[in-house]
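The values are calculated or read from the model by the stated rules, or taken from the named source; none is laboratory data. Just so it is clear, the structure is predicted and the values come from calculations on it, not from any experiment. For neighbour counting, all protein chains shown are included, and Cβ atoms are generated from backbone atoms with ideal geometry for every residue, glycine included. Heavy atoms of the whole protein, side chains included, go into the accessibility calculation; ligands, DNA and RNA do not. Shrake-Rupley method; radii C 1.70, N 1.55, O 1.52, S 1.80 Å.
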Amino acid sequence: MSEIWLRTGEATVLAAEGQFTDAMPEVMIGSVRGPVGQAFAAMAGQVAGHPRMFVIRDLNQMVRPATMMTTKVTVNSAAYVELLGGVVQGAIGDAIVDCLAEGILPKDQADELCMIVMVWLDRRCADDPDLDRRDLYRANYEAMKLAVSRAMKGEPTVDQLIANRKSVSHYALEGVIET
């Protein structure tokens, strides 16, 4: 496989009924010597309300390619941080390792690549006494694998976007524009 400079992908996996566990990761994958590597290094500091952390599967188990994650939502509680750095991080880490095992990510380039993941975690999860942590894991695991796969395949392709232009529209545009 040739050198990977910048690949992007995203996915949405919806929560189980009654949960707020929708997962919507956005991922950038690229060479440590390219623009993704530069952005990765620049993320080493912290930004108030948006913690940045290496993706680990468990203690002393940082994933390869090295991956930095941050949240798209401003963090406002320790309970939120616990979910983000626990179940969500674990799901993302497992998905990355499985992407390596399944050949979605090239094992021979694992140390030459890095990834940045922007994670959606609904604030309501932190305060939900009925939070289904298994569903939180499932949604984030499935979405991360799909986002990485899409990034590596360059999906959706330009042809797919053009073909779906009139049949697929953003959910927020319902009643706003005609398709």
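The stretch between Asn76 and His170 holds 31.0 nm of extra length on full extension. This uses 0.36 nm per residue minus the Cα-Cα distance. Among the DSSP helices (H) of the chain, those spanning at least 15 angstrom by Cα along their long axis with an average Kyte-Doolittle hydropathy of 0.5 or more are 89-101; this is a geometric and hydropathy rule only.
For the chain, the share of accessible area belonging to carbon and sulfur comes to 53 percent (1.4 Å probe, ligands and nucleic acids excluded). Over all other residues within a Cβ to Cβ distance under 14 Å of Glu142, the charged ones net out to -2, with Lys and Arg as +1 and Asp and Glu as -1.
Under 5 Å between amide hydrogens, built in the peptide plane, is the criterion, and for Leu113 it picks out Val32 among residues at least 5 positions away or on other chains. Seen from Gln19, the other residues with C-beta closer than 15 Å to its C-beta sum to a net charge of -4, counting Lys and Arg as +1 and Asp and Glu as -1. Across the stretch 40-102, the volume of the C-alpha convex hull divided among the residues equals 88 Å³ per residue. Working value for the stretch 117-159: equivalent-ellipsoid semi-axes of 28, 10, 7 Å, each the square root of 5 times a Cα gyration tensor eigenvalue, largest first. Measuring with a 1.4 angstrom probe and ignoring ligands and nucleic acids, Ser167 comes out at about 90 Å² accessible. Against the empirical 2.2 N^0.38 Å (N residues), the stretch 85-129 has a Cα radius of gyration ratio of 1.48. Of the two radii for the stretch 95-179, the radius of gyration is 1.07 times the Kirkwood radius, both from the alpha carbons; that is the Rg over Rh value.
Computed on the Cα trace of the chain, the radius of gyration divided by the Kirkwood hydrodynamic radius gives Rg/Rh = 0.98. Listed values for the stretch 61-68 are Karplus-derived 3J(HN,Hα) couplings in whole Hz (6.51 cos²θ - 1.76 cosθ + 1.60, θ = phi - 60°), namely 10, 5, 6, 10, x, 3, 10, 10, and x replaces Gly and Pro.
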